[in-house]
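The values are calculated or read from the model by the stated rules, or taken from the named source; none is laboratory data. Given the structure is predicted, the values throughout are model-derived calculations rather than measurements. Every residue, glycine among them, receives a Cβ derived from its backbone with ideal geometry; neighbour counts consider all protein chains shown.
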Amino acid sequence: MNSEILVEAVAELAQVATGNFSAEALLGSLCVVAVRAFDVDGAGVMIVRNDQNVFVQATSDQVRPLEVYQELMRSGPCAEAVANEAPILVPDLSLEDRWPPFTALARDQNLSAVAAVPLLSRGKGWGVLDLYRVAARPWTVDEVAGAKILADVAVSYLVMAHDRDKARLAQDELAHRAMHDDLTGLPTRGLLMDRLEHALSVAVRTRAQTAAVFVDIDLFKSVNDSFGHSVGDAVLTELAVRMRKSLRAGDTLARFAGDEFVLVCEGVVAEDRAAFAARVTSLAQRVGAAISRPLEVDSVEIVVTASIGIAIAGQDERAPSARELIADADTAMYSAKQSGRGRTVVRDHSTGVDIGYARQLGHDLARAVLNDEFTVYYQPIVDTLSHRTVAVEALVRWNHPRDGLLPAAAFIDIAVRTGVVNTVGRWVIDEVCKTMRTWMDEFGDTGPTTAYINLSARELLDPTLGYALGRSLAAHRIDAAHIGIEIVEDDLSDPIQIARLLELHDLGHPLSIDDFGTGYSSLSRLLEFPAVLAKIDRSFITGLPNKRNARVVEAIMAMAKALDIQVIAEGIETDEQARVIEASGCQMMQGYFFGVPQSSHELEETWRYGSSAVIG
């Protein structure tokens, strides 16, 4: 043994340890310097992991098979050195009978002597240094002492690295727990805001677009109240897993609070704002579909839906802050919830600095009436047996000069607050009457017999509503029976609104209750109300063919039958859902499976092509 080289070897190990080294890198250096410090022909090192010796490195192909053998067979001088916590010295392997296969393999490799020196600290082995010679001869006291010095130096650094890594893991875990929700493992609000601010700043530099998607679980309080908070926690955990699986790798999903989640979308490839909004909406609807699938907790089947609001920051240099964009998404979510729950509403954030999106949209609405920017789309309502279009639902759309085609949910709340809704509503009534006259003239009995118009509470309370309806009916020569009025079930709780609806019924307008089965009206009010149609809320349809949902549909059908009300099942999106509804005895169906909301001209082309108003 050369003592000067040994000192250099110790110094080299210290040099490795001054950096951000790994255990494997340190042991690899130990293996190399040992060959230089001692009169040996090769060396190898093992590291102890989970009480097993794991091969790290060998200095030559002559030594490597012996090291690999010891790892695989867990037999040989390495294993004994660690077990005995003392060096195993074999001057002549031909005289050794403890490990016959190892000895035979050494002979094949032309190696005759081995010394296994354990790396010991804190009462356990951390690794093993193996030294090999071609010639058989004893290991001197100085060689053994020198090997132990190298082993002690190496293990001290291994312990130091272990403590360092353990401290880092603890620190990382604390940091992770501080920024992630304990229940779902999702980022918390603080981390969400950081990531959204970063995404918005990048979007400004790159002229890109960013969206915040606000997801609120509908009626989640009833889950906790009915089944307990432990079941509620299990539901939230499962929904978090489902949402994560629905997203792209680069999306950020965070638990915002309670049953509220926020998704940040960036890097979505789209040629313009409208295309970007469509892609984000598609992603949000995928998330909503994942949430609405039935789940089972403690043998209890639970079905929930989500109201989703989307806020989009466009390609401009005056981007909103993260707080402003989330506030917009939150507002959009409430619009979705107010329009019937289980729905998605999109808001495009204004680039104005002083004027918020809602206020700007209010100003735009006032001009929209004068500029003739509104249009009416129609969604078919089909007979369950024949699939013939027997009615349509009239849905107002706004051709916004900046933001493109906006659905009613994106602006109707603002229209109600500003009072513009009455003006827009009168225009819609006249437009629908005109369209019905056109259809009756061309399609006669094969076309829809009724168009249903959605009226807000503010419109119902307008004393001139009956006059406006009568004037349009007369101008286009159609009967009141052809223009139905649709209201949500919650409106039945207001006696004044019921009185106005009764007046419209007396004039001959058929009445329809939307979101039937989700409102809070009393049964006595339903008995008093002369509705001819009721729509089963889409939240009950989404879970079909789930048996629990099917039973709810049957119960609603039974109530409607008792009240002598015909039923429309809305939100039909699959053939399977349609078949379940057909079997339930429901009279009419509506949903994307039969037709999306579309212009009157598009529907006319469909009917002309099929010679009658038949969908499918």
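Miscellaneous remarks
- When 168, 207 are screened for being among the charged types (D, E, K, R) and in contact (Cβ under 8 Å) with a residue 60 or more places away in the chain, only 207 passes.
- Against the list (1) crowded, with 22+ Cβ neighbours inside 10 Å; (2) in contact with a helix residue (DSSP H, G or I) (Cβ under 8 Å, 6 or more places away or on another chain); (3) at pLDDT below 90, the condition residue 482 fails is (3).
- With respect to the conditions (1) assigned to a helix (DSSP H, G or I); (2) surrounded by 22 or more Cβ atoms within 10 Å (Cβ to Cβ); (3) at pLDDT below 90, residue 239 lacks only one, and its number is (3).
- Scanning region 444-460 for residues that are free of Cβ contacts under 8 Å to residues at least 40 places away in the same chain and in a loop (DSSP other than H, G, I, E, B) turns up just one, 455.
- So residue 205, is it part of a helix (DSSP H, G or I) and out of contact with any Ser or Thr (no Cβ under 7 Å at 6 or more places or on another chain): yes
- Residue check, residue 402 assigned to a loop (DSSP other than H, G, I, E, B) and either among the basic types (Lys, Arg) or at pLDDT below 80 (or both): yes
- Residue check for residue 153: part of a helix (DSSP H, G or I), assigned by TED's automatic domain parsing to the domain that holds residue 64 and farther than 22 Å from residue 71 by Cα: yes
- Boolean, residue 347 is of a type in the set (Lys, Arg) and modelled with pLDDT under 85: yes
- The selection criterion, being in the same structural domain as residue 512 (by TED's automatic domain parsing), at pLDDT below 90 and in a loop (DSSP other than H, G, I, E, B), holds for residue 463.
- Any chance residue 225 is acidic (Asp, Glu), surrounded by fewer than 14 Cβ atoms within 10 Å (Cβ to Cβ) and under 26 Å from residue 301 (Cα atoms): yes
- Helices (runs of 4 or more DSSP H) wholly inside region 60-135 containing at least 1 residues that are in contact with a helix residue (DSSP H, G or I) (Cβ under 8 Å, 6 or more places away or on another chain) and closer than 14 Å to residue 48 by Cα: 64-73, 77-84
- Tallying residues that are buried (at least 23 other Cβ atoms within 10 Å of the Cβ) and within 21 Å of residue 590 (Cα to Cα) within region 372-405 yields 10.
- Residue 416 being touching a helix residue (DSSP H, G or I) at 6+ places or on another chain (Cβ under 8 Å), of a type outside the set (Phe, Trp, Tyr) and either crowded, with 23+ Cβ neighbours inside 10 Å or not assigned by TED's automatic domain parsing to the domain that holds residue 313 (or both): yes
- Within region 137-163, tally of residues that are charged (D, E, K, R) and surrounded by fewer than 13 Cβ atoms within 10 Å (Cβ to Cβ): 3
- Selection from region 583-601 of residues that are under 20 Å from residue 555 (Cα atoms) and more than 29 Å from the chain's Cα centre (by Cα): 583, 584, 585, 586, 587, 588, 589
- Among (1) surrounded by 21 or more Cβ atoms within 10 Å (Cβ to Cβ); (2) modelled with pLDDT of 85 or more - the single one residue 599 does not satisfy: (1)
- Criterion violated by residue 197 - all others in (1) touching a residue at least 12 places away in the same chain (Cβ under 8 Å); (2) under 17 Å from residue 306 (Cβ atoms) satisfied: (2)
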